[in-house]
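Here the structure is laid out as structure tokens; the discussion comes afterwards.
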């Protein structure tokens, strides 16, 4: 009687090995694609500790300060920028001017050394993003940054992945400028200097070509 060279269970082991090999090769491609879309990689919803306890709820919600009052370069350049301590001291030279919470701000103002803020929203260096193009076309800051007036610590609320950006560009023809009236508050006079008239609804040209963001 013929004796098998290998036991019968070796066929099962061989089949399992083939399946694991295929899954292993597929995971080399699939796992990185899944990882780059997770919050571990996109840094979504992380509350970074900043050098100064700056509460956007107090400034944007309670005092009604416009985003562009502090981040004025957002409508003139590619970067929104961080306001200089001169902007901060424009108010805090009279308000809370002896508060220990603002000691770092005062030292930065008088020494000329900028505060080392932790950047919250950031895209890779190989991605071209221009704030002024979006702001001047009437895109509301909330579309990308969320409602910072409700955040004690500003966090990244959108994934900022290529898929998210492209989807937004594909919907661009349906996006309109914000139509909510500016609330009346003590800052109204300053706000009107930047925005004397309500923004008119406008159609935005959707750019989905590679060279729109990768130059």
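Every read-out reported here was derived from the displayed coordinates using simple, explicitly stated rules and does not represent laboratory data. Not measured: the values here are computed from a predicted model. Here Cβ is always computed from backbone atoms with ideal geometry, including for glycine, and neighbour counts include all displayed protein chains.
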* Structure fact -> So the FRET efficiency between residue 10 and residue 38, C-beta based with R0 = 45 Å and rounded to 0.05, is 0.70
* Asked: With r defined as the distance between the Cβ atoms of residue 3 and residue 28 and R0 fixed at 45 Å, what FRET efficiency is calculated, to the nearest 0.05?
  -> 0.65
* Which peptide among 33-42, 145-154 comes first, and what is the full order, when sorted by highest mean count of other Cβ atoms within 10 Å? -> 145-154, 33-42
* To do: Using only the alpha carbons, work out the radius of gyration and Dmax of region 1-134 in angstrom.
  => 28.2, 103
* Structure fact -> Assertion target for 21, 5, ordered by fewest C-beta neighbours within 10 angstrom first, is 5, 21
* Multiply the residue separation of residue 78 and residue 58 by 0.36 nm, subtract the distance between their alpha-carbon atoms, and state the gained length in nm to one decimal. => 4.5 nm
* If you take the C-alpha gyration tensor of region 75-157, multiply each eigenvalue by 5 and take the square root, what semi-axes do you get, largest first, in whole Å? -> 28, 15, 13
